Every structure is written in structure tokens, then in C-alpha cells.
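Inspection log for the structure reproduced underneath, given as C-alpha cells.
The values are calculated or read from the model by the stated rules, or taken from the named source; none is laboratory data. Keep in mind that this is a model prediction, so the values were computed, not measured. Here the Cβ is made from the backbone with ideal geometry for all residues, glycine too, and neighbour counts use every protein chain on show.
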Ligand SMILES: [Zn+2]
């Protein structure tokens, strides 16, 4: 799966990651997202060919970020925490790829959007949940339980607010509709 250990090859990327992570000489590995079979099958899309995954050691992971992944949409890059890069967490990759595809199509519309109830996150979670169903064989309840664990640092009404949004997405998938405007 790993195509290149790239510490000395790509100076520009090295510099970018050092700055982005505020570290010196970040070590990283580059993986093409299209080299991951399930992901390539799921998107069925040549657009993912130029999307690269940067694997980072856990100790180099972004300060204060609990998610194991982050997309840098204008560079078609996904940063991923190495210890979480396994079949169990591939749905995060699907989520981040979706952000990049959305950016390619619609540009940067992130600013002033309420999180997470917005069309950008809708698109990302819609694909993520579909992937969790079709490739991880999880049902709606199991998907919500995974998400509850991912969001377990949130409390009470805030958690419920997010779960309502997730339930709406799952129900849209059930009905085989895509409705990213009506939350
Ligand atoms: Zn997102």
C-alpha cells in the first residue's frame, strides 16, 4: 500500500507539512487514495487519482485534534494518523475524500457555515455512512453507535443535535434520496 517514503524527495511538501504542523522535519509516507481497493470501488471515480494520503506518526499528529484525519482541500491532501490507518477507520478517509471532491466541484464554501449541519458535511457524512453500510456491513444503529463514540467528548443537547443530523442523513440514504438543503 505504501508507495513512497518521501522525506527527501518532495521539498515543497516537506516544507508545507512542517509549517502546517508547526514541527521540524516531519516524517511522512505518501499513499495514493486510489491504491486502496474499497475506496476506489466506492467512488468509482478518476477524480480520486490525484488525492494523496499523508500518513503521520502519532506523535506528530495535529495538536488538539481528536479526529484521526484532516483534509486539505485545495491541495488534494489528506492527513491521517498512522495508528488509525486500518480497515476499521477507512470511513474517515471516505469522509475526507468527499470534502476534496466537494471542493473541486463547488469551491470553498466553508466560511460561515454552521457545523455540522451544512451541505459540505452532509455530502461527507452521506458518503461516509453509505460506505459504513456497504463496505463495513454496519446497520443504522451500529453506525450511530460508532458516531456516538467518536463524539463522546460532547454532552447532552449538543450530542443530540449532531445525532439528529446523522439520523436525517441515514434516513435519506434509506429513501435513496440526496437532500443537502433541508435539515
Ligand atoms: Zn467533515
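Below are the figures for this structure:
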| read-out | value |
| --- | --- |
| Restricting region 149-166 to residues that are in a helix (DSSP H, G or I) and touching a helix residue (DSSP H, G or I) at 6+ places or on another chain (Cβ under 7 Å), the residue that is surrounded by the most Cβ atoms within 10 Å (Cβ to Cβ) | 166 |
| Answer residue from region 43-78, given it is loosely packed, with under 12 Cβ neighbours inside 10 Å and within 16 Å of the ligand (Cβ to nearest atom) and is modelled with the highest pLDDT among those | 74 |
| Index of the failed condition, residue 96 passing every other in (1) more than 12 Å from the ligand (Cβ to nearest atom); (2) over 16 Å from residue 166 (Cα atoms) | (1) |
| Residue that is modelled with the lowest pLDDT [pool: residues in region 130-150 that are within 22 Å of residue 180 (Cα to Cα) and within 16 Å of the ligand (Cβ to nearest atom)] | 147 |
| Scope region 99-129; condition part of a helix (DSSP H, G or I), more than 10 Å from the ligand (Cβ to nearest atom) and touching a residue at least 60 places away in the same chain (Cβ under 8 Å); matching residues | 119, 127 |
